[in-house]
Structure formats: structure tokens, C-alpha cells
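The structure appears below as C-alpha cells.
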Amino acid sequence: MKLAVREALLGFKRAPVLSVLSITTIAFSLFAFGLFSLVALNIRNTLRSVESRVEIRAFIADSTSPESIALAMGDVGAYKEVARVEYVSPEQALERARKELGEFKDVFEAGFLPASIDIRLRDGYRDPATVKQIAERVKQLAMVEDVRFGEEWVQKLYSIRNVATAAGIILGLAFAAVSIIVIGATIRMAVMARSREISIMRLVGATDGFIQRPFLIEGFVKGVLGGAMALLLTWLAATLISRYFIRTEFFDLRLAMLGLLGGAVIGVVGSAVSVGRQIRRVL
Amino acid sequence: MIRFASVTKEYPRTGVALNDVSFAVNKGEFIFLTGPSGAGKSTILKLIYFDELPTKGDVWVSGTRSKGVTRKEISLLRRKLGVVFQDFRLLEDRTVEQNVSFALDVIGTPHEKIHPKVSRLLTQVGLSSKSTNYPRELSGGEQQRVAIARALANDPFVLVADEPTGNLDERATRGVFQLLRDINAAGTAVVMATHNLELVKRADLRVLEINRGAVVFDSADEKRRAPEMTP
């Protein structure tokens, strides 16, 4: 193992330009991926905060007694999907309408708006299907005259998010493939440059695994270094965007580690794919 | 120990290199392979260290059979034999000592065992004073001695030598050949391909003459037959 590490480090020393080139390529591939992830992450966070505002509003018939309203609220509040139930009296509704639509505040009169119960759903139950289903259930209650839940709005939110996720995955895979190809090519050159040494290793009885190990370690180290460089670049980009455009959230530690791991995986896979084939070609 | 059983070797581009060759090398034997260039000597040697596999027939080397052999088995077999070439095949960026220890290093020999072993090998080939020199600072004969030391690193049962003196002057040739004989005297078999008929004539050793991919003469057969012919 010690020899393998030494050989791997020697690999950097022997071909510094090539090494820097492959690390930089990994870094830029992951940087592009990282930028996209950053966008996806921030879209997702925004969506989540918008999403948490998704509510179902059930309008209540005027004649309903406060007792039956309280009872109904207890029932609805007990649904496992429901986070919070809130009663909004006609006066409160008026107040809210006046606040939200300031320029029309004189249009509204007391008693103009019906009372309602506002239902907020738990995290994980805010997808269009569940929202619709809960709304239907609430509508079944006798006192409820009508239900609003912004169906279209919810659906639109979700399709944006799905497109963002799909695009992220596709781009991510494309960039990972590019990185793997680049690493494979540099390993190929490294194997060629050392073909004499490798043929002597084979001649004196070194196993393929032994011969491959330094290249895999080299790929791993390059991947991690490339990942770290990409993280740094992404962080710089996030900081600049935050300062000059909009507030941007950066990856948390777990995601950052995942980035490094991604680099390592790309490095090792790229090396492994190439080195086996190249070694068999040498001898 | 080494056995060729009806071995035919065909290369995709150049055609038949060996045609139905059978012979055996016994334990501790010294055997010359002679014959014109392109006769198939190198092919026989490559088949011995499994650099090539037969198209037809079977090669057995120390219990390993060519049919169905894996790369891993080839690696393990090569630890039991040593190979030297006309062009030495040393690593130019490493010292004499490092070239020899490399062979031990890459098969996972424990570190503390490498240094004493390398010193012993370099003493054996008469190069202990040049251990820190680089190959380019040595004469051809000395470089071949380094290659021989490397080939001996794993205590092989056979040393396979492809024209080991082909690039050497007469003096160096004699030195290297004497070294090979000493190694053989210590129990290691030697299979040596050579053009140098002087060398072959002077030494009274088994000769296998190859021509156009076939064994045309085996001195062992002559010897076996000779007593029968005398009345």
C-alpha cells in the first residue's frame, strides 16, 4: 500500500502539467454541476417557503353555530395531513382584505365576506393530489359552502420543481460523464508514459490489481482535489451572487461533503474504466 | 518442469511461427536455443513465460498449464521464473539498486527483506560497488548483469534469456555467459536463445536448433541414440 501511494504521488511529480489539467477539468465540470445544484437548491428552498403557505380555505354558511364550527375544526384538525386549523371570522376576513387590497378598502363592508376555516397542511402533504383530496373531504362537511385551494397554483409550483430537478439530474450526469472521460484520457496517457515500467512489473510477476492501484489512488486524489476546487469556485460564485444580485444559500456541510465524494467517485471510476483496458494493451 | 506438447503458434498478421513443437526442459538443465532470425526462438521463450499462449497444443511450466490460464496465474508463475533480454530493459530513472529492488517491491516483499536480498544479488553478479549508479553510467555487460540480478530476485527455478549477449562485445559476452553458468551450477535451469555459435560450440550443453518454426535438432536425442548405434 505504501508503495502504491508513493507511486501515485510520483505520478503527480512526473506529469505535473497533465495532473493540474485533469484536476482543473474535474473542478470545472463539478463547478458547472455545482452552480446548477446551487440554482436547484435555491429554487427548492424558495418553493418550500411558498409551498408552506399553501392553504385550503373552507367558507362557512352564515347560519352555522359556533359550537358546530368548533366541532368541525376539531375533526379537521385531527386529520393526519393537517398541521393547523384557524377560524377566520367575517370581521377578520374584512380586516385582511382591506390590508391586502388597500386601494379598494372602502368597497368592503362588514358582512360582505363569509367566515372561513383556514387549513394548513403538514410538510410532505402539500402535493397537488393530497391538497385536492383534503379539500374534497372538507367540502363534504354540511356547514361548508365552498372550498378554495388554488389548485392551479399548486400544480404549477410542482411542475417547475420537477423540471428543475430533472434538468439538474441530466446536466449532472452529463458533466460527470465528461469528467470521467477526461480522467480516463489522462490515465491513458499516464499508462502510456509508464508502459515500460508496467511491462517490467508484469514481467516480474506483479498482479494487475497491484499495477492498477497507484492509478486508482491518483484518480481518487485528483477527484477529491477537483471537488474541493469546485466547491471553492461555487462558494465564490454564491458569495458574489449574494452580494450583487439576490441572497443565495450555499450548500450545508453534508452537501459539500457529497460534492467531494462525487469528485472522488468520478476520479476513481474514470481511472478504473481506463486503467484496466490500458494495462491489458501494454502487455 | 517445462513441457511443450505439440505446440503451434500462429500470429494473426505474420502467420505460423511455431509448428507442432514438442520438447521438455528438465530441472536444473542448461539449454541453448539456436537457429536463424525469425526461426521461432523468441516465440518459444515467450510461450515459456506466458507472454504468448499457444494457438494449438499445450505448454506446461512448473505445473501451470497454458490452456485456460488466468492473468493472475500468469503473474504468480512469473514470480517463479526470471527473464532477461538482449536490450536489458532497465528503468533509466532508477539506480542499479532500485532496479533490482523494484522486482521485489512490486510483488509485495516485506521491506526489511529487500535491502539484504538486493545486496546479496548485486554481490553475486559482481556489481556491489555500482549499486548507486544509473544504468546509463554502466557498460553493456554491467547492465545485463543488473538485469540478471533482477531476474534472480525471486529465486526462480528457471532463467529465460533471449539473446542475452546479443549487444555485448566478446569480453562481456564471456563474462555474462560465465555468470549464467554459475547460476545454473547453483541449481537454476537456464533456457538461452542465442546466435553465438562459438559460445554454443565451446560449451558442452544441450542444444535445441529451431528452423522455420520447428525443432530440427535436439542434442539430447543424439546422445540418447548414440549409445545404441555403437555395437
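The values are calculated or read from the model by the stated rules, or taken from the named source; none is laboratory data. Remember, it's a predicted structure, so these values are computed and weren't measured experimentally. With ideal geometry, Cβ positions are generated from the backbone for all residues, glycine too; neighbour counts draw on all protein chains shown.
Please go through the range A:193-227 and give me each residue that is in a helix (DSSP H, G or I), within 12 Å of chain B (Cβ to nearest Cβ) and among the β-branched types (Val, Ile, Thr), ordered by number.
Within the range A:193-227, A:ILE198, A:ILE200, A:ILE211 qualify.
So which residues in the range B:60-78 are within 14 Å of chain A (Cβ to nearest Cβ), surrounded by fewer than 19 Cβ atoms within 10 Å (Cβ to Cβ) and of a type in the set (D, E, K, R)?
Matches in the range B:60-78: B:ARG71, B:LYS72, B:GLU73.
Mind listing whichever residues of the range B:26-82 are within 12 Å of the chain's Cα centre (by Cα) and in a strand (DSSP E or B)?
Result: B:PHE30, B:ILE31, B:PHE32, B:LEU33, B:LEU81, B:GLY82.
Scan the range A:40-62 residue by residue and report those that are modelled with pLDDT of 75 or more and out of contact with any helix residue (DSSP H, G or I) (no Cβ under 7 Å at 6 or more places or on another chain).
A:LEU41, A:ASN42, A:ASN45, A:GLU55, A:ARG57, A:PHE59, A:ALA61, A:ASP62
Taking the range A:182-202 as the search range and keeping residues that are out of contact with any Ser or Thr (no Cβ under 7 Å at 6 or more places or on another chain) and within 14 Å of A:LYS222 (Cβ to Cβ), which one is surrounded by the most Cβ atoms within 10 Å (Cβ to Cβ)?
Of everything passing the filter in the range A:182-202, A:ALA190 is surrounded by the most Cβ atoms within 10 Å (Cβ to Cβ).
Taking B:VAL16, is it modelled with pLDDT under 95 and more than 14 Å from the chain's Cα centre (by Cα)?
Answer is yes for this residue.
Among the residues of the range B:102-117, count how many are within 11 Å of chain A (Cβ to nearest Cβ) and assigned to a loop (DSSP other than H, G, I, E, B).
Matching residues across the range B:102-117 total 4.
Hey, any hits in the range B:120-131 for a residue that's buried (at least 17 other Cβ atoms within 10 Å of the Cβ) and within 14 Å of chain A (Cβ to nearest Cβ)?
Yes: the range B:120-131 contains one or more residues that are buried (at least 17 other Cβ atoms within 10 Å of the Cβ) and within 14 Å of chain A (Cβ to nearest Cβ).
Would you mention how many residues in the range A:184-214 are within 41 Å of the chain's Cα centre (by Cα) and touching a residue at least 60 places away in the same chain (Cβ under 8 Å)?
16
Would you please name the residue that is surrounded by the fewest Cβ atoms within 10 Å (Cβ to Cβ), looking only at residues in the range B:83-98 that are β-branched (Val, Ile, Thr) and either within 9 Å of chain A (Cβ to nearest Cβ) or more than 13 Å from the chain's Cα centre (by Cα) (or both)?
B:THR95
Name the residues in the range B:166-185 that are aliphatic (A, V, I, L, M) and surrounded by fewer than 19 Cβ atoms within 10 Å (Cβ to Cβ), would you?
Across the range B:166-185, the qualifying residues are B:ALA172, B:ALA185.
For the range A:270-279, check the following and say yes or no: at least one residue is under 25 Å from the mean Cα position of the chain (by Cα) and touching a residue at least 60 places away in the same chain (Cβ under 8 Å).
Yes; the residues of the range A:270-279 include at least one that is under 25 Å from the mean Cα position of the chain (by Cα) and touching a residue at least 60 places away in the same chain (Cβ under 8 Å).
Checking the structure you have, find out if any residue of the range B:93-101 is modelled with pLDDT under 95, assigned by TED's automatic domain parsing to the domain that holds B:ALA172, of a type in the set (D, E, K, R) and outside any helix (DSSP H, G or I).
Among the residues of the range B:93-101, not one is modelled with pLDDT under 95, assigned by TED's automatic domain parsing to the domain that holds B:ALA172, of a type in the set (D, E, K, R) and outside any helix (DSSP H, G or I), which makes the answer no.
Which condition from (1) in a loop (DSSP other than H, G, I, E, B); (2) at pLDDT 75 or above; (3) of a type in the set (Asp, Glu) is the one that A:ASP106 breaks?
Among (1) in a loop (DSSP other than H, G, I, E, B); (2) at pLDDT 75 or above; (3) of a type in the set (Asp, Glu), the lone unmet condition for A:ASP106 is (2).
Any residue in the range A:21-39 that is buried (at least 23 other Cβ atoms within 10 Å of the Cβ) sitting within a Cβ distance under 9 Å of a residue that is among the charged types (D, E, K, R) and assigned to a helix (DSSP H, G or I)? List the pairs, counting only those 6 or more apart or interchain.
As it stands, the answer is A:SER22/A:LYS222; A:ILE23/A:LYS222; A:ILE26/A:LYS222, since those pairs meet every condition given.
Among the numbered criteria (1) among the small types (Gly, Ala, Ser); (2) within 14 Å of chain B (Cβ to nearest Cβ); (3) surrounded by fewer than 16 Cβ atoms within 10 Å (Cβ to Cβ), which one does A:ALA177 miss?
Condition (2) is where A:ALA177 drops out.
B:ASP155 - would you say it is over 16 Å from the mean Cα position of the chain (by Cα) and modelled with pLDDT under 95?
Values: over 16 Å from the mean Cα position of the chain (by Cα): no; modelled with pLDDT under 95: yes.
Against the criterion (over 16 Å from the mean Cα position of the chain (by Cα) and modelled with pLDDT under 95), B:ASP155 does not qualify.
Can B:PRO156 be described as in contact (Cβ under 8 Å) with a residue 60 or more places away in the chain and within 13 Å of chain A (Cβ to nearest Cβ)?
In short, yes.
How many residues are without any contact (Cβ under 8 Å) to a residue 24 or more places away in the chain and surrounded by 17 or more Cβ atoms within 10 Å (Cβ to Cβ) if we restrict to the range B:1-59?
Step one: of the range B:1-59, the residues without any contact (Cβ under 8 Å) to a residue 24 or more places away in the chain are B:11-15, B:24, B:38, B:46, B:51, B:53.
Narrowing further to those that are surrounded by 17 or more Cβ atoms within 10 Å (Cβ to Cβ): B:46, B:51.
Total satisfying the criteria: 2.
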